[in-house]
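Working notes, beginning with the structure itself.
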Amino acid sequence: MAVDRNSREFDNCSAGVSQLGTASLGEDSQIPPRGQGSRIASAVLSPAVQLWLRSQVQHVEELQVKIEGSDRQIFSGSIPKVTAAARGAVYRGLHLTEVAIEGAGIRVNLGQVIKGQPLRLLESFPVFGVLRLIQADLNASLKAPLLADALSEFLLPLLPMVDREQSIELQNSQIVIDAGLLTLSAVILRSDGTQIPFILRTNLRMDSSHELMFENPEIEVAKQLNSKIFNGFKIDFGAEVEIEELILNPGEIVCRGGIRVLP
């Protein structure tokens, strides 16, 4: 199993996890021949990591994990590389269509895992991955409090006719993904019960490895158009994030990049 850092998109997104730039993990891959790889990894750590990942998500249709390293490395609690691929995962209400990730230089509490304790990270480590998000899953994610609250906070200073001192409630939120373009439509519900329809259209591009730029944005509130309200607005994801590529195709978003995972 390997994540292709040069792949612009998934080879066959409808074929399941084994096509996410990875090799299929069949039964033969679970117990490596003597002298090749680690039996500890296949017998103990791979199942433990897979169990831990499943415990972190609300739902996942397919999940495969592979750990690479020698017995000597594994016994010391050092994991040279872990690769994982998932399809149909839901994390805190966020629907992830397909994702393939690869982490390196991982240290875990192996001694406690062997004694039946939960897997725990001892140090931060870098992860590279490829994420595919289709329009239907993105719209399902808009119902999650995590994304809905973030969207409300983002829109609050940009929209006229709303009280800046209070949060806003959005209803009927929908996003349409076109080539390089996002269109968000929703209804703002004010505290007095007034409903204000609005539409946001914007191009997206990477401004740096951890910043996204809104280009040529337009906001239409109550059928009144304002195209200069936040031109040049950026979202900064922080120094721990490194986005290598963001692709907006009709009906889907594909993102390649990395992040440092903290214990």
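Annotation: amide H of E245 within the under-5 Å range of R256, sequence separation 5 or more or interchain, hydrogens built in the peptide plane. A straight chain from A140 to L51 at 0.36 nm per residue would run longer than the Cα-Cα distance by 29.5 nm. Applied to segment 81-92, the Karplus parametrisation 6.51 cos²θ - 1.76 cosθ + 1.60 on θ = phi - 60° returns per-residue 3J(HN,Hα) values of 7, 10, 10, 9, 9, 9, 10, x, 8, 10, 10, 6 Hz, with x for Gly and Pro. Checking the Cα-Cα distances for K66/K234; K66/K143; K143/K234 against a 27 Å cut-off, the pairs over it are K66/K234; K66/K143. How far, in nm, would the chain grow between Q117 and D192 when pulled straight, counting 0.36 nm per residue and subtracting the alpha carbon separation? Gain on extension, Q117 to D192, equals 21.8 nm. For A89, the residues whose modelled amide H falls within less than 5 Å of its own, excluding neighbours fewer than 5 places apart on the same chain, are E61, L96.
Extension gain, A104 to S152: 0.36 nm times the residue separation minus the Cα-Cα distance gives 13.7 nm. Residues E61, E68, ranked from the fewest to the most other C-beta atoms within 10 Å, line up as E61, E68. Among H59, H95, H210, the order by Cβ neighbours within 10 angstrom, fewest to most, reads H59, H210, H95. Shown in residue order for segment 250-263 are the 3J(HN,Hα) couplings computed by the Karplus curve 6.51 cos²θ - 1.76 cosθ + 1.60 at θ = phi - 60°: x, x, 7, 10, 10, 10, 10, x, x, 8, 8, 8, 9, x Hz (x for Gly and Pro). Taking the number of Cβ atoms within 10 Å of each Cβ as an exposure proxy, the fewest-first ranking of L246, L138, L122 is L122, L246, L138.
Coordinate-derived values only; no laboratory data. Everything numeric in this text was worked out from a predicted model, so none of it was measured. Neighbour counts are summed over all protein chains in view; Cβ atoms, including those assigned to glycine, are modelled from backbone coordinates with ideal geometry.
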